[in-house]
1. Name, by its number, the condition in (1) modelled with pLDDT of 95 or more; (2) over 22 Å from the mean Cα position of the chain (by Cα) that does not hold for Tyr133.
2. Does the stretch 209-226 include one or more residues that are assigned to a helix (DSSP H, G or I) and acidic (Asp, Glu)?
3. Kindly indicate whether Thr64 is over 18 Å from the mean Cα position of the chain (by Cα), assigned to a helix (DSSP H, G or I), buried (at least 17 other Cβ atoms within 10 Å of the Cβ) and of a type in the set (S, T, N, Q).
4. List every residue pair whose Cβ atoms lie under 6 Å apart, where the two residues are 6 or more positions apart in sequence or sit on different chains, the first residue falls within the stretch 246-261 and is closer than 13 Å to Val215 by Cβ, and the second residue, located anywhere, is outside any helix (DSSP H, G or I) and modelled with pLDDT of 95 or more.
5. Which residue is farthest from Asn59 (Cα to Cα), if the candidates are limited to the stretch 177-194 and must be surrounded by 11 or more Cβ atoms within 10 Å (Cβ to Cβ) and of a type in the set (D, E, K, R)?
6. If a residue must be part of a loop (DSSP other than H, G, I, E, B) and either in contact (Cβ under 8 Å) with a residue 24 or more places away in the chain or in contact with a Gly (Cβ under 7 Å, 6 or more places away or on another chain) (or both), how many such residues does the stretch 169-188 contain?
7. Taking into account only those residues within the stretch 241-273 that are basic (Lys, Arg) and assigned to a helix (DSSP H, G or I), which is surrounded by the fewest Cβ atoms within 10 Å (Cβ to Cβ)?
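The values are calculated or read from the model by the stated rules, or taken from the named source; none is laboratory data. Quick caveat: nothing in here was measured; it's all calculated off a predicted structure. Neighbour counts are summed over all protein chains in view; Cβ atoms, including those assigned to glycine, are modelled from backbone coordinates with ideal geometry.
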Amino acid sequence: FFWGIGMNFYMEIAKLRAARKLWATLIQENFEPKNAKSLLLRTHCQTSGWSLTEQDPYNNVVRTVIEGMAAVFGGTQSLHTNSFDEALGLPTVKSARIARNTQIIIQEESGIPKVADPWGGSHMMEALTDGVYNTALKFIKDIEEMGGMARAVAEGIPKLRIEECAARRQARIDSGAEVIVGVNKYRLTKEETVEVLAIDNTVVREKQIEKLKRVRQTRDPDVARKCLAAIEECAKTREGNLLALAARARCSVGEITDAMKTVFGEHKASTRM
């Protein structure tokens, strides 16, 4: 599972603790696994891109440290720490090095990873974990009663929930009820100039198009057409999985997607706010 880790420190730890409990419960109740390892939640976390600010961007180093620590306290198996300048563009070599060293310092110098679940037994943390667990379980049951996640997505339910949450939070930030340092409080009178990695998108696009042309020129066109036709037939009959075959025939992601679109169509998200 891939988790985003935000600035609500205790909540993020509780989220990961609740997720492990929830996964184990669902697997045990629905599948009765023979191997106990099936009950173990496998987790990758990435510090939040949403929390990074364009204003006073060096503050983002601190935000990433806090989020990285929350992920480690929560028991993540792997971690990606964002660069402080990612609200401005792609990271520079310098900012990427700071991001990498952030998690290395947590791992090698802090001692935090030496203890598994150090928050276990804390009244606050256990109560918060139980609250997240019970709320998530209710969401899952509601989705199952609706007919499953595919039906929920088709009806726009996950999108609506995300939009509602985002709107509430943005309102808190706009009103100043939630403080974002350097944005709605403790602003700089003058912003510093920050080095930004310059990318010529036109050159990148032209290079990628040229690479795609070379792939199409060097592959066997008949094999590629047959593979794409087979994927379309697979989508119609719901039998087999031919994506690997198409990839070996050097069909592009766009071509594979288009073959499936002819059968499934394309999801059009609706706004219900």
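1. Only one criterion is unmet by Tyr133, namely (2).
2. So far as the stretch 209-226 goes, yes, one or more of its residues are assigned to a helix (DSSP H, G or I) and acidic (Asp, Glu).
3. no
4. Correct list of pairs: Arg250/Arg219.
5. Step by step, filter the stretch 177-194, then rank; the result is Glu178.
6. The number of residues fulfilling the criteria is 6.
7. Arg248
Yes/no per residue for (1) among the hydrophobic types (A, V, I, L, M, F, W, C); (2) free of Cβ contacts under 8 Å to residues at least 60 places away in the same chain; (3) in contact with a strand residue (DSSP E or B) (Cβ under 9 Å, 6 or more places away or on another chain):
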position	(1), (2), (3)
Phe1	yes, yes, yes
Ile27	yes, yes, no
Asn30	no, yes, no
Lys34	no, yes, no
Lys37	no, yes, no
Leu40	yes, yes, no
